[in-house]
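Data block below; observations after.
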Amino acid sequence: MFKKIIKYRTIKTEISYKLLLYLILFIFSINFTAYSKNYSTILDYKFSLKDTIKPEDKILWDIKKRNKKFIPVIKIIGHSWTVGAFKGQEEYFKINGIIIEESSKIGSSIKWATKQLDSVNENKYDAIVLLSGINDYRKSVQSIADDFLEFMEKALTKAPVVFIFNIPYYEPAAEKIAIINDWLWEMSELNKEIVIIDLYSEIEAQKKDGLEFSSDGLHLKNYDCVMDLLIYYIKYYYNIE
């Protein structure tokens, strides 16, 4: 077991209305766990993302959210699973009381997803959804976490809430995925604007019911469960019947 003390640091980001976004580094102590294959990298920080929404905008958004006729407009960004699950599925979501727009690219990374936010107008969407991560598995755990943080920080300047799919099981990156997914849960506990969609558990449950993967083990043959999972989380969050 070891303890490491990390000094507080503040990252300032200039956004509209001259508000500042701070990422606050917490002092902590963690136990070191040895993983199989001698894998031993552990994330050693937690951040709290301050609310970046202008107060009056947030009040209007909360009123809008409570309206029974509210139809959320969602921006979805991600890799090949986003292509498979959401491309061309606008009508299916509309039937379920949700409007979606997707930006997706096969083989893309979290960095690519973050870059797509440059063309997203502030307050155009009620939420931004990220489905990415598995293509980044060759990076260190710390680098993957940094990329997720960069996306979160930037997305919260565009929309009031960010939904992030955690990473499904993938054998070559099993240990990294476990660490990143645990860290994502911690981030959501620290930040109410971050909602984690438990894709990992859903896929594992669906496997027991016969969910099939492509020969490369990276893609699903049918993405219905991914679509329905997002619909469930969106409806639950917005209290849509």
- Out of (1) within 28 Å of residue 224 (Cβ to Cβ); (2) touching a Ser or Thr at 6+ places or on another chain (Cβ under 7 Å); (3) outside any helix (DSSP H, G or I), what's the single condition that is false for residue 157? (1)
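Taking into account only those residues within segment 88-120 that are of a type in the set (Lys, Arg) and closer than 20 Å to residue 223 by Cβ, which is farthest from the chain's Cα centre (by Cα)?
So the residue we want is 94.
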- Taking segment 194-219 only, how many residues are polar (S, T, N, Q), in a loop (DSSP other than H, G, I, E, B) and surrounded by 14 or more Cβ atoms within 10 Å (Cβ to Cβ)? 0
- Task: Might you let me know whether segment 221-236 holds any residue that is crowded, with 18+ Cβ neighbours inside 10 Å and farther than 25 Å from residue 71 by Cα?
- Result: no
- Message: Among the residues of segment 72-90, are any more than 23 Å from residue 184 (Cα to Cα), of a type in the set (D, E, K, R) and at pLDDT below 95?
- Response: no
- Query: Within segment 200-217, can one find any residue that is without any contact (Cβ under 8 Å) to a residue 60 or more places away in the chain and within 21 Å of residue 142 (Cα to Cα)?
  - Reply: yes
- Message: Looking only at segment 77-103, filter to residues that are without any contact (Cβ under 8 Å) to a residue 12 or more places away in the chain and among the acidic types (Asp, Glu); which one of those is surrounded by the fewest Cβ atoms within 10 Å (Cβ to Cβ)?
- Response: 91
- Message: For segment 81-117, give me each residue that is in contact with an Asp or Glu (Cβ under 7 Å, 6 or more places away or on another chain) and under 17 Å from residue 225 (Cα atoms).
- Response: 82, 86, 87, 100
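The values are calculated or read from the model by the stated rules, or taken from the named source; none is laboratory data. Quick caveat, the model's predicted, so the values are computed rather than measured. Methodologically, a virtual Cβ is constructed for each residue, glycine included, from the backbone with ideal geometry; neighbour enumeration extends over all protein chains shown.
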